[in-house]
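Quick notes on the structure that follows.
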Amino acid sequence: MTNRPSSYDDFPLPVDPSLAGGSAAGGLPPQPPEPPAPTRPRKKRRRVIRWVVLGVVVALIASGGYVFYNYQRFVGGVTRVDAIEESTTEDFDGTAQNILLVGDDHRPDGATDADLAKLGTEADGGGVNTDSLMVLHLPADGSSATIVSIPRDSYVDVPGYGKNKINSAFSLGGGNDDPVGGARLLIQTVQNLTGLTIDHYVRVSLLGFYNIADALGPIDVCLINPVNDPYSTLNLPAGVSTLNAQQALAFVRQRHGLTNGDLDRTVRQQYFLTVEARKMLSAGTLLNPFKLGNVLDAVSSSIETDSSLNFIDLATQMRGLSADNITSATIPILGTPTIRVNGSDLSIVEVDTASMPAFIDGLVGGPTAYESAVASAPGEVTVTVLNGGAADGAAAAATETLVSLGFVGGTPGSTTPTATTTVQYPAGQEAQAKAVAGVLAGAAVVESADVAGVTVVLGGDGIAPAAVVEAPVAEVPVEEEAGTTYAAGACIN
């Protein structure tokens, strides 16, 4: 560091040539110097100001250069694939965004035996089944986030391949041999299942997860019950434990010994992401240049994204996000049955597709046209009732009740089983739907392109139209917010 003079008197002052000993040619004889004018305090103040301004400029340049350097280093390490169809790609321009987060067991190029030993795996090529699937929803203002998990065994329609577990879609589309085809088929499958448009795509391997966890440092988790699982090698007591990277990986991989198996593992992953986000957004990471650089290096070298994902725009949209504003939820399911496929038993997760629209609307916000609509008079509404899980004859009985309340009844029928009673309506019939919802307290209300008019789907929740009402109410009862927010220090199974 350069030493500064101890006082500004150590700086030489300008000297008038006429006072510098003897006379200048043709000048006057030397004269005694006059007392200096009282201007030095002003010069001292100007010098102090110049030092302060210089320091601020240097600090700004240094910090700006550091940020620029880190960003360039980060972007340079990310692998890009053309995963998103250009026609569906949107910029982070103040609109809501959906990012598909994918985790699988593929072995990244260059992974060493030492790397694989950290994971408890071998150099066997790994697998490309996407055992971790989440959609990260960011609203337009970026002040909150919702993580929607899709269990890996969800039995769904994979375009071109019929019914399959959703974790096979990436492999069916090409997998490691064709990561673009694999990503696109997986994205199409998720979009068809959830009704959400996927705007961006992020994929990470097991080794990538380990490296990110290692860079972030020890993570505290809290368990309600102790675990000792030889399959994942996780052995933890009840209460708070501090995990290293290897334990963190085992924590999110464990499913044996958990009450709900893979469904509980999904909860583990949601919980862990919230804990990681809280640590990533903490001052201990953001204000530590060395640690932040290590974390950025670990993330960039571990992820694969679509070609159009702009990290600066993403960071700008998420600037107001905190870990306390992250909500987690799992898609609605009907159960985990074992079915017979090609002569063999197959354990699956049966998705409640009928409840999916209401579930998604509950997470990302309902249609504004419905919220502002004024309920129609019952006589102006034709409503069809379908049985999706209620007792036999329930659709006909509900139709009779609705007719007695003044509605025009359609032909009752049956449909795909569902756990949740819903009022479905096509765009433009918000007022009619609101009238029907007024006599079905607790039913979900969703816009659907699959119905031509207002349709009530009776689920297994027992909700049915009230037999005696004074008049249809104008507003749907407020439902509890879907999803779970994990507060700091929360404990899970």
What the 5 Å binned alpha carbon P(r) of the stretch 363-458 shows, as percent of pairs per bin from 0, is 3, 15, 26, 28, 18, 8, 2, 0
Residues whose built amide H sits under 5 Å from the amide H of Tyr201, excluding neighbours closer than 5 in sequence, are Leu100, Asp306
Highest mean packing first, using Cβ neighbours within 10 angstrom, the peptides 256-268, 393-405 sort as 393-405, 256-268
Ranked on Cβ counts within 10 Å of their own Cβ, fewest leading, Thr112, Thr382 go Thr112, Thr382
Length gained, Leu314-Ala238, 0.36 nm per residue minus C-alpha separation, equals 23.6 nm
Relative contact order of the stretch 77-351 (C-alpha contacts under 8 Å, at least 6 apart) in percent is 27
Quick shape check on the stretch 142-191: root eigenvalues a ≥ b ≥ c of the Cα gyration tensor, a/c under 1.5 is rounded, otherwise prolate if a/b tops b/c, else oblate, and it reads oblate
Along the stretch 164-169, Karplus-curve 3J(HN,Hα) (6.51, -1.76, 1.60; θ = phi - 60°) to the nearest Hz, with x for Gly and Pro, reads 8, 5, 5, 6, 8, 4
Counting Lys and Arg as +1 and Asp and Glu as -1 over every other residue whose Cβ sits under 9 Å from the Cβ of Glu430, the net charge comes to -1
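Please give the net charge around Ile147, taking every other residue with its beta carbon less than 13 angstrom from that of Ile147, where Lys and Arg add +1 and Asp and Glu add -1. Numbers along the way, then the final one.
Values: positive: Arg268; negative: Glu276.
Here the charged neighbours net out to 0.
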The alpha-carbon center of the stretch 144-180 and that of the stretch 310-386 are separated, in whole Å, by 17
With +1 at each Lys and Arg Cβ and -1 at each Asp and Glu Cβ, the charge dipole magnitude of the stretch 77-351 around its Cα centre, to the nearest 20 debye, comes out at 740
All alpha-carbon distances of the stretch 77-351, grouped into 5 Å bins from 0, give the whole-percent distribution 1, 5, 12, 16, 19, 19, 14, 9, 3, 1, 0, 0
Going from the fewest other Cβ atoms within 10 Å to the most, one would list Ser301, Ser355, Ser414 as Ser414, Ser301, Ser355
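Grab the other residues whose beta carbon is less than 11 angstrom from that of Ala169, score K and R as +1, D and E as -1, and report the net. Present the calculation step by step, with values, prior to reporting the outcome.
Working: positive: Arg152, Lys165, Arg184; negative: Asp157.
The answer is +2.
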Rounded to one decimal in nm, the spacing of the 7 Å Cα→Cβ label points at Thr79 and Ser372 is 4.7
Here the residues of the stretch 313-328 lying in the modelled label zone of Ala490, meaning backbone nitrogen under 12 Å from a point 7 Å along Cα-to-Cβ, are 323-328
The extension gain from Ala419 to Asp324, computed as 0.36 nm times the residue separation minus the Cα-Cα distance, is 31.2 nm
Karplus ³J(HN,Hα) for the stretch 207-220 (6.51 cos²θ - 1.76 cosθ + 1.60, θ = phi - 60°; Hz, whole; x = Gly/Pro) runs 5, x, 4, 4, 5, 5, 4, 5, 5, 6, x, x, 10, 8
Ranked on Cβ counts within 10 Å of their own Cβ, fewest leading, Thr95, Thr327 go Thr95, Thr327
In whole µm²/s, the translational diffusion coefficient that Stokes-Einstein assigns to the stretch 218-362, given a Kirkwood hydrodynamic radius over C-alpha pairs, 4 °C and 1.567 mPa s, equals 71
One finds, for Val341 and Asn260 with R0 = 30 angstrom and r their Cβ-Cβ distance, a FRET efficiency to the nearest 0.05 of 0.85
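Values quoted throughout were computed directly from the atomic coordinates according to the rules given, and no laboratory measurement underlies them. Bear in mind the structure is a predicted one, so any value in this text is a computation, not a measurement. Heads up, the Cβs are rebuilt from the backbone with ideal geometry, glycines too, and the neighbour counts pull from every protein chain shown.
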